[in-house]
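Below is one structure, written out as structure tokens; the observations come after it.
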Amino acid sequence: MLSNNDTAYQRPQAAELRRRLAEPRRFIQMVAGPRQVGKTTLVQQMISEAGPDLRYASADEPVLRGPEWIEQQWETARFTAKEAGTDGAILALDEIQKIPGWSETVKRLWDEDTRNSLPLRIVLLGSAPLLIARGMTESLAGRFELLHLPHWSFAEMREAFGFDLDTYLYFGGYPGAASLVDEPDRWRRYIADSLIETSISRDVLLLTRVDKPALLRRLFDLACHYSGQILSYTKMLGQLQDAGNTTTLAHYLDLLAGAGMVTGLQKFTGDVARSRGSSPKLQVLNTALMSASTGTSPADVRSDREYRGRLVESAVGAHLANAAACGECELFYWRERGAEVDFVVRAQRRVIAIEVKSAAKGRLKPGAAEFIDSFRPHRTVLVGGDGIALEDFLFKPVSYWIQP
């Protein structure tokens, strides 16, 4: 049985949030990320350090919440801040996206405190990054900083729970499910019920208009089954047996990406408009979603070399896609007349081509040479095969591989 050490382990982003909150009151701190990546745990760790000067409240409860709830929590925190003197206080509001009109209320209260020079620092936490960012941009421009918590990396799962590479490939990076890896069937039910269904029903369907919820759910399943593969929207509609249009499908894929579940990588063309019109390469953001949705067992992965190869490529893609979600880089794929490069990373005008090999031996595919001739990437990286060991690549942050 693996040790469950997630309450003691502190993610690297925790230090950054502490640093920001130790500064003079400047910005609202928005902590966003998928469900169960440690947002609430991060704040609870801060509570143990800050004590009564940090007030925490969550809107993720059955009782209907409204803007007045924010005002009630804010007023109580204001009293604490006044009592604390120049050191002030911190108010942390969790699942803020559940409150209708939350950003307008926060803007008004924040501006009041700014005019009154009240040292009350604000931390807002949300489980739907795309919807959170939209609300912040529309109402709170110039007043916030965004701290994105991605899915847990291989390095984090190894440090906190002792995961080896094969365990991480199959069970992915959900700390709350780590204690169930010795019971794969129970683990799959937990992922399906507590993560997949909750994310779709509460972070997508409840917070934005979806005219075809059944289509969105089937699209998620399709993305998990075809993670690492390029599918046109027309072919997707055929697989889904739906008469919808490709615009709806693209929108639903964006919503699922915004919830931190699956995404559709665009083709690298060097031209933004052309990239957006390409067929997407489906990619899970956590391989746990792929394992749970496809119904494969750890034994299946060991015996099925083709499926393990897809899982390996999806793990590399998830590692890169989570870095892209945090703003560290942009992520694409490339394919032209049969020639293909698995992943193309663009960071500060630097382009890196990444090829993935699941076999012990293997070199760059011929497509890499064609890509190099066309785009002159700054670096070409082979993961697996005769290149960088998969374990080494996943263990280091993406920034290590894309730095000059």
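The values are calculated or read from the model by the stated rules, or taken from the named source; none is laboratory data. Just so it is clear, the structure is predicted and the values come from calculations on it, not from any experiment. Every residue, glycine as well, gets a Cβ built from its backbone with ideal geometry; the counts of neighbours run over all protein chains shown.
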Quick one: in segment 230-247, of everything that is surrounded by 16 or more Cβ atoms within 10 Å (Cβ to Cβ) and either among the hydrophobic types (A, V, I, L, M, F, W, C) or under 22 Å from the mean Cα position of the chain (by Cα) (or both), which residue is farthest from LEU331 (Cα to Cα)? LEU240
Lone unmet requirement of (1) in contact with a Pro (Cβ under 9 Å, 6 or more places away or on another chain); (2) at pLDDT below 90 for GLN44: (1)
Residue satisfying condition, being in contact (Cβ under 8 Å) with a residue 24 or more places away in the chain, closer than 19 Å to ARG308 by Cα and in contact with a Gly (Cβ under 8 Å, 6 or more places away or on another chain), within set PHE154, PHE171: PHE154
Looking at THR246, is it in contact with a strand residue (DSSP E or B) (Cβ under 7 Å, 6 or more places away or on another chain) and among the β-branched types (Val, Ile, Thr)? no
Out of everything in segment 294-334 that is of a type in the set (S, T, N, Q) and at pLDDT below 95, what residue ends up being farthest from GLU391 (Cα to Cα)? THR294
Say whether the condition of being under 30 Å from SER199 (Cα atoms), assigned to a loop (DSSP other than H, G, I, E, B) and of a type in the set (D, E, K, R) is met by at least one residue in segment 73-94. no
With the condition kept exactly as written, say whether any residue in segment 98-112 is more than 24 Å from ILE200 (Cα to Cα), part of a helix (DSSP H, G or I), modelled with pLDDT of 90 or more and in contact with a strand residue (DSSP E or B) (Cβ under 8 Å, 6 or more places away or on another chain). yes
Being aliphatic (A, V, I, L, M), farther than 25 Å from ASP342 by Cβ and not in a helix (DSSP H, G or I) is the filter here; which residues of segment 202-255 pass it? LEU206, LEU207, VAL210, ALA243
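Residue-wise test of (1) of a type in the set (Phe, Trp, Tyr); (2) over 20 Å from PRO150 (Cβ atoms).
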residue	(1), (2)
SER303	no, yes
TYR307	yes, yes
LEU311	no, no
LEU320	no, no
ALA324	no, no
LEU331	no, no
ARG337	no, yes
What are the residues in segment 219-255 that are in contact (Cβ under 8 Å) with a residue 60 or more places away in the chain and farther than 26 Å from LYS357 by Cβ, if any? PHE220, ASP221, ASP254, LEU255
